[in-house]
Structure formats: structure tokens, C-alpha cells
Amino acid sequence: MNPTNGKLIGFACGYTPLPLIHAAGYTPYRILPTTAAPDQAGQVLHENLCPHVKRILDRALSGDLPELEGVVFINCCDAMRRLADAYGRVRPQDKTILLNLPVTTDEPAAFFFNQQITQLLHVLEEWSGRAVSPDGIEDSIQQYQQLARSLDELRGRVKRGSIPGGSKHMQAIYNQAATGPIELTLTQVRQLLAEPEQPDPIDGRVPVYLFGNVLPDIEAFALFESCGARIVGENLCTGSRLFRSWVSEDSTDVLLRLARGILSRPHCPRTIDLKRPMGISREIKAEAELSGARGVVGHIMKFCDPYLYRIPTIREHLRLVNLPLLVLDGDCTMRSFGQHRTRVEAFIEMLR
Amino acid sequence: MMPEYIENLVNGIEHSFNSDPAVSTPRKLYELEFVKLGRRLYRNEGRVAWCGVMAPFDLLRAMDVTSCFVEFLGAILATAGVAGPMLQAAELAGFTGDTCAYHRAVIGAAMQGLTPEPDFLIGTTCPCTGGLAALENLAEIFKKDLFILNIPLNDTRDNIRYLADQFKAMLEFITQKTGRMIDGDRLREVVENSNRVGAVMRQVYDLAKNVPSPITSRDLSSFGIAMPLLFGTEAAITVAEGFRKEFAARIGRAQSGVKNEQFRLLWLQNRIMFPNPLEKLLEEEYRAVIVVDEYNSINWEPIDPADPITGMARRTMSDPLNGSATRRVEHLRKAAIEYQVHGAINPCHWGCRQGTGIRGLISEGLKEIGIPVLNLELDCVDSRNFAEGQMKTRVEAFIEMLDSRRSH
Ligand code: SF4
Ligand code: SF4
């Protein structure tokens, strides 16, 4: 077990190597884009940047953040790179690091990402003032793998409709796992799994598969349910994508294994598999089919290039298997999400 | 449609050169080389690669691959005034108007079979996420293989080696596609040409810094971003030498690009690609000249012919668009000081996250050294929503502000 120092390290991207932060004694804290802070980031950045990064910057500008020992940024897209720039400008006193994330997942890319996370390790050691051992990292990886497997089991229950609160409950757990100590989440998830499966009282809802980038708000899931949808599968950056296990490989280099593992998980469309261009479309199609959904909802941040450029192909792939797609523009506020109600209701009606 | 348009352009320019040598200005020669490149692409001469902006075009040339960045095609479509229907086609297929119009125009044209067909594609992670996503789409449309160069943000030794190794892997990829191996002598020749053009371009830029500047706002417009497409060729050297000679002669005759130059301006990122009245307004009404485009600089050291791949990797990573905002702002501040500009104009191209996302930091960084920035909300490729009157008013107000600052 790694001793925790109780301090938080902020992060914003699903590719962040959480086990490393944990192994260094910190609790990874995802800076979720939910805030009542005034909307002012557009003045520093530009209005046409994704609301995910703008809301995070709003939090930074308004001091709506817990005490953070440092923040790990990743250049997963232009918007994130600019967030790292702007954050450094508005909170110069904070310690930050920006990691390079390759776009491809081949071996040279994994080696490169390995160098990046090795650099992160050194920085974390410097911030915490203590060395991190390979065994410690291994231990943290195992905990995260365990959490991923348990969450996977829990997702199975959500799909079967046998967990009270369904996808709302699931999202609450994801949010806690992304912002709080893993030990606490693991205990709670284990307790939940120890309970006998209960049939979800609300039935007759239409199975829907949900994908997209950021949708941490539990009320959004409540809205889907109240419109007659049952989320039976999901591929969200603030959901399952952050917590999926990977196949362990035999390299003795623990950081290389971590790098390969992170790159091999189901990914955000910003990552490209050269052997299968537009792989994200096939991935979403396969997962949606497997989930037994009758329709698919894409919840996409406005101005998110990684998704905006792939939606036409995703739609095309889903059309081939007769899965209708509803795309909702997100802006990280429930106010705008509420405006989608009519469209979601009409979509569910059509699927009945 | 486009092949005929380009063919006519080449013939027209060549004809005018033959009938009246006086019209063969350096700018016309420069344009001729680019329309010829467009013609090679449309004729599918040799193997054709569609690329990201930061691809090593001279290295591709050493493999006899005709290559260009896809945004170049988008720019040609806009300049030819035919981008509108292409943009519409892409939008109808589901590409929203919030994406970069350079890419939407090319995707729309490709979907309609109005572009040349690439043999393969080479994406680059710099400058933008959208560019890479566009190439992934084009690879899918044409069912052609895509190779990607991950360009690290900072130029450490490890990162340069990583990029150099990717260049080598790219050469193997091209060999698989074309059956050709890289020829050492050819590579040496290409590198020497690139070094020569780099040296001449430096001199051209130095001449443009003269007060008053010998250049007009048009002379070197988009020059620094487009010239790498010609790197490695004799033609690039001829073009650059043409500018050098012309500017030196103008300075010798005490002739400025804009008569009675009053204001010197820095133009950020991209020019507006479709016909618009702003440059004319600046020059004729206000005697204001765009003396420098953001990309008009040589930031790399000559490449060692004994280790060309490493030198090319270093060159790629030295691009000011790569890396942090601080680096780009530093680059702009240096340009503003060296060219003694009074102000900067930033056309905030709708759909460009990397460019517009840095807008606030650029304004702040230039303001710190006393250079005001005019941010224009527009789309450099899509003329459909161009608010001409509003843009003119804003430009006029900006110049008047510069004027009042000067008189205080
Ligand atoms: S939502 Fe899209 S644009 Fe925004 S940070 Fe995530 S991947 Fe980048
Ligand atoms: S304008 Fe911006 S988004 Fe468009 S190609 Fe250029 S860098 Fe990329």
C-alpha cells in the first residue's frame, strides 16, 4: 500500500496516468467542468474553444478549486494545449506540467509516452520530496486495475437494470472515483457488488448507448431516464473511458507497461489507430451493438474537433447496422442540457 | 473544373511572361511555381502525398513524391472563389460550420471527386488537431494509407531523436508504397537546396525590415507558410532570389512598397484567402503596409548534409506554432521589434482552436511591448459570412487609434 499524503493533484484529461499520481502519495483530482463560476474564460481563450476547457479555466479564474499541489495537463487536443497555456498565465503560482501524448498507439509512440510519464514521475517526486519505487507503482496499477474490473461488473448491473439509480448512480461513482481517494471508491464499489442484484423498478424504458466526451452531471442521466431511455452502454471521457482495465503485458519495465496500457484502452477520437483509420466509428458501432441498444446518443462538446470531424463517419457506421444516432451539443451546463429534452423525448419515441 | 482552372492559370501566366517580360515580377514567379505545383497534383504526376502542414516536404521530394499540405488545396479553392459549394457539400455530409474551413473545403471537394487523388497521406500533429482529423477522413474517403508524424512540443534531445526516427519510418512507408529507396546523393542535393533557399529567405526578410519597407502588403503574403512546399528545389531558390534582387533594387532606388509609408503592421497566422478590400484599404487610405506575416521567418539552422534527418527534425520542431504559447508570443514579439511595427492584425479564423485559443495571450504579450492588436472575427476561407463593412470599420478605427497614439 502506498502511503497517501492527503494532497490533491489536479488533472483534466482521461489519458492521465492516475496510478503514477497515486503511487507518489497524491490523490488524483479531476477538475470537472462543472461550476457556478462566471463565464469569463472566453476572454482569455476564445469563445470557439470547447466548453470543457473554458469551464475548467473559469474554475481557475474564480478560485473554484480545492487546494492543489500541482496540475497535470496533457496535450490531447489544441484546446487542452491552450488550456495549459492559459492556466499557467492565470495561476502562475501553481505548479503544472504538460505531457506530450502521441496520437498513434504503435510501439515507438508507447516508448515516447513512456519517456513522458517517466518525466512526470520525476516531477511528482520533486513535488512530494520522496522517491517512488517500481513496486509502489505496480501496487497502484493493481489497485486501478481492480477498480476498473469492479466498475466493469457494476456496469453489467446497470445494463441489466439491477442497480438502484442505474446510470445516475454509476455516474456518481465515476465522479467520486475521479476526484476522491481510490481506496474509498474501491470499498464502496465492493460493498455495492456484495449486495444481491435488485431489479430496477422502472422498466419499459428504451435501451440506448451513450458516447461522447464530458458529461459528469448526474442530472443529465436523470433527464435521459425521465425521457424514457435506459443507458445500457456508455463511452464517455468522464465515464467508463477513464476506468477501463488493460491487458497486462510482460515487460519488466513498469512505466512502459503503464504507457502501453493507457494507449491501448478504448480511446477518445483524438487517438488514431493507423491500422484502422476512423477506428472510433467501428469501436462505437461494435460497443453499441453489443450493448443491445436500439439507438445511440452522442453528447459532444461544442467546438470539440476530435469529435466534430468524426461524427459523419460514426453516423455512417451506425446507419449500416440500423442504429439511429442523436447528436446533442454540450456546453457543460444543465441549463442547456435541459433544452435537449424535447429532442431526446422525440428520439426515444421514435425508437419505441 | 479545377484542372482546367489551374491549367489556364499556368498558361495565362506563362503567356504574359513571354509577351511582356516586365510582368514577370517576383510575386508572379512565385505564384507560377505554386500553380504549377497545383497542376502536378491534379495531373497526378509521380506519386502524390497529401500531408499535414509540418511534413518535411524536401524529404518527400528526395523520394520523388509530389506533396502538399491539404490546407493548400483549401486555400486554392478559396482563392479561386469556388470554396462555397465545397463547404456546403461537407456541411451537408455532417461536418459542422464550427470546424476549420480549410479542411471542410478540401473534404467537400474530395467527396465530390473534385480533388486529385493521393497515393498516401502523411499527417502531422502540429499545428492542429483538426488538420490531423481531416487527413484521417481523407484517408477513409480515398481508402488510402495514412502515416502520422507525432511532433513533440519541446525540442529536447530525446524528442528530436523520436521525430527523426519517425522520419526514417516514414521513408520506409514510402518505399513500401512506391518501391523506391532514398538515394543519398539526391537527399544531399535536396538538403543543399533547402539550406540555400533558407539563407536567401533570411536575406529577403532582412530587406523587408528596412524603414520604409521595400515591400507591399501582397509581396510576401503567405510566403513563409507556402515556401516549404518548394523546399529542396532550384525553383525555390530562383523565386527567393527574385525577391531579394527586387527588394534590394527598390531600396537602392529609395522606393518603398507603399508610397509615403505611415504604418507598419504585423499580420498573424493566415491571410484572408478570398478577394477582400482590407489590404487595399490599408495601403491606399492609410499608407499602412503589412511588413511581416507571422510565418515569415527562418527559425532553423542550416541542415548538416551528413545528418540530414536529424537536422530536418530539428527544423520541424523549431516552428513557432509548435510548443507553448510563451514560445509563440516570444516569436511574435521578436518580429514586432525587428520589423518596427506599429500594430498587429490577428484574423481569428473561426474553427482554428490552436490559433484563436491563444488570442488573449498574444494580445497581452504584444501589449506588454507597446504593440496593440486588432482581433478580427472572421473566416479566412469561407467568404459567405464575411462582414465587409464591419471589417473595414474596425480596421479604420484601429489605424486611427495607431495614429492618435503616435501624435501623443
Ligand atoms: S472535449 Fe474535445 S476539445 Fe475539449 S478537451 Fe476534450 S477532446 Fe479536447
Ligand atoms: S487555420 Fe488553424 S485549424 Fe485551420 S489548418 Fe490552420 S492551424 Fe489548423
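Any read-out appearing in this document is the output of simple, stated calculations on the displayed coordinates, not a laboratory observation. In this text, all values refer to a predicted model and were calculated from it rather than measured experimentally. Heads up, the Cβs are rebuilt from the backbone with ideal geometry, glycines too, and the neighbour counts pull from every protein chain shown.
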Worksheet item: Using a cut-off of 18 Å between alpha-carbon atoms, which aspartates and glutamates can reach residue B:392, once sequence neighbours fewer than 8 places away in the same chain are excluded?
Response: B:279, B:283, B:284, B:285, B:377, B:379, B:382, B:400, B:403
Worksheet item: Farthest toward the dipole's positive end in the protein assembly as shown, which of B:24, B:74, B:227, given Cβ charges of +1 (Lys, Arg) and -1 (Asp, Glu) about the Cα centre?
Response: B:74
Worksheet item: In terms of modelled amide H atoms, which long-range or inter-chain residues lie less than 5 Å from the amide H of residue B:68?
Response: B:49, B:51
Practice prompt. Could you work out the relative contact order of chain A, using alpha carbon pairs under 8 angstrom and six or more residues apart, expressed as a whole percent?
Written response: 19
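Sort region A:230-281 into rounded, prolate or oblate with this rule: let a ≥ b ≥ c be the square roots of the eigenvalues of the Cα gyration tensor; rounded if a/c is under 1.5, and if a/c is not under 1.5, prolate when a/b is larger than b/c, oblate otherwise.
In terms of gyration-tensor shape, oblate.
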Practice prompt. Restricting things to alpha carbons, find the Rg to Rh ratio for chain B using the Kirkwood radius for Rh.
Written response: 0.95
Worksheet entry | Long-range HN-HN contacts of residue A:327 with modeled amide H, under 5 Å | A:298
Fill in: Where labels lie 7 Å past Cα in the beta-carbon direction, separation of residue B:385 and residue A:219 in nm
2.9
Worksheet entry | Using θ = phi - 60° and Karplus 6.51 cos²θ - 1.76 cosθ + 1.60, couplings along region A:15-21 (whole Hz; Gly, Pro as x) | 8, 5, x, 4, x, 5, 5
Practice prompt. Provide Rg and Dmax in Å for region A:14-70, with only Cα atoms included in the calculation.
Written response: 13.1, 38
Discussion item. Beyond a 29 Å Cα-Cα separation, which of these cross-linked pairs lie in this structure: A:168/A:285; A:54/B:143; A:95/B:209?
Written reply: A:54/B:143; A:95/B:209
Worksheet item: Of A:7/A:302; B:144/B:168; A:302/B:280, which sit over 25 Å apart, Cα to Cα?
Response: A:7/A:302; A:302/B:280
Discussion item. Quick check: Cα centre of region B:261-279 to Cα centre of region B:168-207, how many Å?
Written reply: 31
Fill in: Distance in nm between pseudo-label sites at residue B:251 and residue A:335 (7 Å out along the Cβ direction from Cα)
5.7
Worksheet item: Using every alpha carbon pair in region A:200-270, what percent of pairs falls into each 10 Å bin from 0 up to the bin containing the largest distance?
Response: 17, 37, 25, 15, 6, 0
Worksheet item: ³J(HN,Hα) across region A:224-231 via Karplus (A = 6.51, B = -1.76, C = 1.60, θ = phi - 60°), whole Hz, x for Gly/Pro?
Response: 4, 5, 5, 8, x, 9, 10, 6
Worksheet item: Computed FRET efficiency, Cβ-Cβ of residue B:180 and residue B:154, R0 45 Å: what is it to the nearest 0.05?
Response: 0.85
Worksheet item: Of B:248, B:387, B:335, which is the most mobile in a GNM of chain B whose springs link Cα atoms less than 10 angstrom apart?
Response: B:387
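What size of dipole, in debye to the nearest 20, comes out for chain A about its Cα centre when the only charges are +1 on Lys and Arg C-beta atoms and -1 on Asp and Glu C-beta atoms?
800
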Fill in: Charge dipole magnitude, Cβ of K and R +1, D and E -1 - region B:2-182, Cα centre, debye nearest 20
280
Item to complete: Using only Cα positions of chain A, each an equal point scatterer, no hydration layer, compute I(q)/I(0) via Debye at q = 0.12 Å⁻¹ and quote the log10 values to two decimals.
Response: -0.88
Worksheet item: What do you get for Rg/Rh over region B:272-385 if you use C-alpha atoms and the Kirkwood form of Rh?
Response: 1.02
Response to the item:
If each part is reduced to its alpha-carbon centroid, region A:48-94 and region B:20-63 end up apart, in Å, by 41
Practice prompt. For region B:185-407, give the magnitude of the charge dipole about the Cα centre (Cβ charges: +1 Lys/Arg, -1 Asp/Glu; no others), in debye to the nearest 20.
Written response: 280
Worksheet item: Average partner chain C-beta neighbours within 10 Å, per residue of A:38-51?
Response: 4
Discussion item. Can you tell me which aspartates and glutamates have their Cα less than 12 Å from the Cα of residue B:36? Leave out same-chain residues fewer than eight positions away.
Written reply: B:7, B:14, B:45
Worksheet item: So for region B:2-182, Kirkwood radius off the Cα pairs, Stokes-Einstein at 25 °C and 0.890 mPa s: how many µm² s⁻¹?
Response: 141
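When the chain is fully extended, how far beyond the present Cα-Cα distance does residue A:39 get from residue A:194, taking 0.36 nm per residue of separation?
Numbers: separation 155, 0.36 × 155 = 55.80 nm, distance 4.32 nm.
Gain on extension, residue A:39 to residue A:194, equals 51.5 nm.
Apply the a/c threshold of 1.5 to the C-alpha gyration tensor of region A:1-117 and tell me whether it is rounded, prolate or oblate. Working shown, then result.
Details: a/c = 2.30, a/b = 1.24, b/c = 1.85.
Judged from the Cα gyration tensor, region A:1-117 comes out oblate (a/c at least 1.5, b/c at or above a/b).
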Worksheet item: In nanometres, what is the gap between the two model label sites at residue B:318 and residue B:82, each 7 Å from Cα along Cα-to-Cβ?
Response: 3.8
Worksheet item: What is the mean projected area of the alpha carbon convex hull for region A:231-352, to one decimal in square nanometres?
Response: 8.8
Item to complete: Give me the distance between the Cα centres of region A:249-308 and region B:358-396, rounded to whole Å.
Response: 37
Worksheet item: In whole percent, what relative contact order does region A:186-336 give with Cα contacts below 8 Å and a gap of six or more residues?
Response: 27
Fill in: Ellipsoid equivalent to the protein assembly as shown - semi-axes via the Cα gyration tensor, in Å
47, 27, 27
Worksheet item: Is region B:185-407 best put as rounded, prolate or oblate by its Cα gyration tensor, with a ≥ b ≥ c the root eigenvalues, rounded for a/c under 1.5, and otherwise prolate when a/b is larger than b/c, oblate when not?
Response: prolate
Worksheet item: Can you list residues whose amide H is under 5 Å from residue B:263's amide H, if they're 5+ apart or on another chain and H is modeled 1.01 Å from N?
Response: B:288, B:289
Worksheet item: Which FRET efficiency value, to the nearest 0.05, do you get for residue A:251 and residue B:304 by plugging their Cβ-Cβ distance into 1/(1 + (r/R0)^6) with R0 = 35 Å?
Response: 0.50
Worksheet item: Along region B:142-152, what does the Karplus equation 6.51 cos²θ - 1.76 cosθ + 1.60 (θ = phi - 60°) give for ³J(HN,Hα), rounded to whole Hz, x for Gly and Pro?
Response: 8, 6, 10, 6, 10, 10, 10, 9, 7, 9, x
